[in-house]
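Engineer: One structure, pasted below without further comment.
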Amino acid sequence: MEEKEELLVEKAKKGDVLAFSELVRKYERYVLNLVYRTLGRSEDAEDIAQEAFVKAFLNIKKFKEESKFSTWLSKIVINLCMDKIREKANREENLEEGMWLTIPQSSYYSPEETVERLEIQERIKKAVMSLPEDLRMVFVLREFEDLSYQEISEMLDIPIGTVESRLYRARMKLRSLLKDLKTLEEVTEKSEM
Amino acid sequence: MRCNEVKRLLSAYFDRELPADKSIEIKEHLRSCRSCAKELESIEKIHRLMGAFPILEAGPYFESQIIERIESEKRKRRFSLGLKLAIGFALCGLMLFLITLRYLPSENVTLETTPVLNTYIQEYIETYSGHIGRSNPGLIVSVSSLGETSR
């Protein structure tokens, strides 16, 4: 943990909301997208991400510096997402005002290329969301959050062998769903030719 | 190593989560097995595809809304704590009151009745004692005692 972050956590533990808001600024994108990738809904991702931050602040005294702050925060987010999954079945995506979806790698694309890229994004998202929750959770934590098997195992309270087999199954399922899909690099290469 | 076993371990191999000896074995196998190498390529492709997963950006009020929610939660907690304290104090007061009553000297407690009530009770006893006595003789004693006391 960086010294600055350590200091912010210490201040937040004493009830300093402003210090905590700096931590929010640092992790808002990370938390928001972890929620989005886990639940696949953009309409309430912001609300759930905020709820996770509020929980983190109210429980920050329980955070022991044995782990990274980001790992501790991820655990809160994952638990909250699991609660939400239990609470209600997935609904159709409906973009809410004030939320933006961005295409990774910002640069200028032709209208055709933009449409193609958006289609690719949509198919990828649908494929990931079609995974059963237990597989998706492990896949998201590994693929997007880059956590080790050990960290995932601790976070979800499952054996490392289960992490490994769920990842394998998730990848096999995605492979069959996305085998004909071009990567963004291939789309760019084609348009440059 | 057989292809089936290699294929099962490729996902962990790609994540660099296998022990060194297993990784070396798989690496060797991949050099000579086109089918397993293709499988690894498909895992790599999935990884590259995930780079295109849509990214959400927080709205402009994201941070300030969190602060508001924290402040509101703190207020709720303060109110709840205040309420608990108030209930605690009230219960303590009530207990203190009951304890004081329990230890008051008993001769100070007297039963006073008015002459009108005395007459009414006397009439009531005279009217009903015979009827009650027939169905439950034990009750006469208690009703009579009440008459005595009230007098």
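Engineer: Any idea which of B:S42, B:S64 is free of Cβ contacts under 8 Å to residues at least 24 places away in the same chain, part of a helix (DSSP H, G or I) and closer than 30 Å to A:A19 by Cβ? It would help to see each step written out before you state the result.
Structural biologist: Numbers: B:S42 fails: closer than 30 Å to A:A19 by Cβ.
Of the residues listed, the single one that is free of Cβ contacts under 8 Å to residues at least 24 places away in the same chain, part of a helix (DSSP H, G or I) and closer than 30 Å to A:A19 by Cβ is B:S64.
Engineer: Across region B:13-27, which residue is farthest from the other protein chains (Cβ to nearest Cβ) among those that are of a type in the set (D, E, K, R) and exposed (fewer than 12 other Cβ atoms within 10 Å of the Cβ)?
Structural biologist: B:K27
Engineer: Also, I was wondering about something else. If you go through region A:165-182 one residue at a time, how many are surrounded by 20 or more Cβ atoms within 10 Å (Cβ to Cβ) and outside any helix (DSSP H, G or I)?
Structural biologist: Final tally of qualifying residues: 0.
Engineer: Can B:L10 be described as assigned to a helix (DSSP H, G or I), closer than 30 Å to A:E122 by Cβ, within 9 Å of chain A (Cβ to nearest Cβ) and in contact (Cβ under 8 Å) with a residue 12 or more places away in the chain?
Structural biologist: The answer is yes for B:L10.
Engineer: Let me ask another. Can you tell me which residue within region B:43-64, out of those that are surrounded by fewer than 17 Cβ atoms within 10 Å (Cβ to Cβ) and out of contact with any Ser or Thr (no Cβ under 9 Å at 6 or more places or on another chain), is nearest to the other protein chains (Cβ to nearest Cβ)?
Structural biologist: Out of the qualifying residues, it is B:G59.
Engineer: Now for a different question. When you check A:G15 against the structure, is it small (G, A, S), touching a residue at least 60 places away in the same chain (Cβ under 8 Å), outside the structural domain of A:F144 (by TED's automatic domain parsing) and surrounded by fewer than 21 Cβ atoms within 10 Å (Cβ to Cβ), yes or no? Break it down stepwise before answering.
Structural biologist: Details: small (G, A, S): yes; touching a residue at least 60 places away in the same chain (Cβ under 8 Å): no; outside the structural domain of A:F144 (by TED's automatic domain parsing): yes; surrounded by fewer than 21 Cβ atoms within 10 Å (Cβ to Cβ): yes.
When the stated conditions are applied, A:G15 does not pass them.
Engineer: Can we say A:S70 is within 21 Å of the chain's Cα centre (by Cα), among the hydroxyl-bearing types (S, T, Y) and in a helix (DSSP H, G or I)? Break it down stepwise before answering.
Structural biologist: Details: within 21 Å of the chain's Cα centre (by Cα): yes; among the hydroxyl-bearing types (S, T, Y): yes; in a helix (DSSP H, G or I): yes.
Yes: the conditions hold for A:S70.
Engineer: When you look at B:L30, is it within 11 Å of chain A (Cβ to nearest Cβ) and closer than 19 Å to A:E164 by Cβ, yes or no?
Structural biologist: Answer is no for this residue.
Engineer: Another question about this same structure. Restricting to region A:28-37, give me the number of residues that are more than 7 Å from chain B (Cβ to nearest Cβ) and surrounded by fewer than 21 Cβ atoms within 10 Å (Cβ to Cβ).
Structural biologist: Pass one, region A:28-37, residues more than 7 Å from chain B (Cβ to nearest Cβ): A:30-31, A:34-35.
So of that shortlist, the ones also surrounded by fewer than 21 Cβ atoms within 10 Å (Cβ to Cβ) come out as A:30.
So the count comes out to 1.
Engineer: Residues in region A:131-154 that are farther than 12 Å from A:T38 by Cβ and touching a residue at least 60 places away in the same chain (Cβ under 8 Å): how many?
Structural biologist: Residues in region A:131-154 being farther than 12 Å from A:T38 by Cβ and touching a residue at least 60 places away in the same chain (Cβ under 8 Å): 2 in total.
Engineer: Looking only at region A:38-67, how many residues end up being more than 10 Å from chain B (Cβ to nearest Cβ) and either farther than 25 Å from A:V128 by Cβ or assigned to a helix (DSSP H, G or I) (or both)?
Structural biologist: 12
Engineer: Based on what the data block shows, is A:I76 part of a helix (DSSP H, G or I) and within 12 Å of chain B (Cβ to nearest Cβ)? Let's see the steps before the verdict.
Structural biologist: Details: part of a helix (DSSP H, G or I): yes; within 12 Å of chain B (Cβ to nearest Cβ): no.
So A:I76 does not fit the description; no.
The values are calculated or read from the model by the stated rules, or taken from the named source; none is laboratory data. Model, not experiment: these values are computed from the prediction. Positions of Cβ are backbone-derived with ideal geometry, glycine not excepted, and every protein chain shown enters the neighbour counts.
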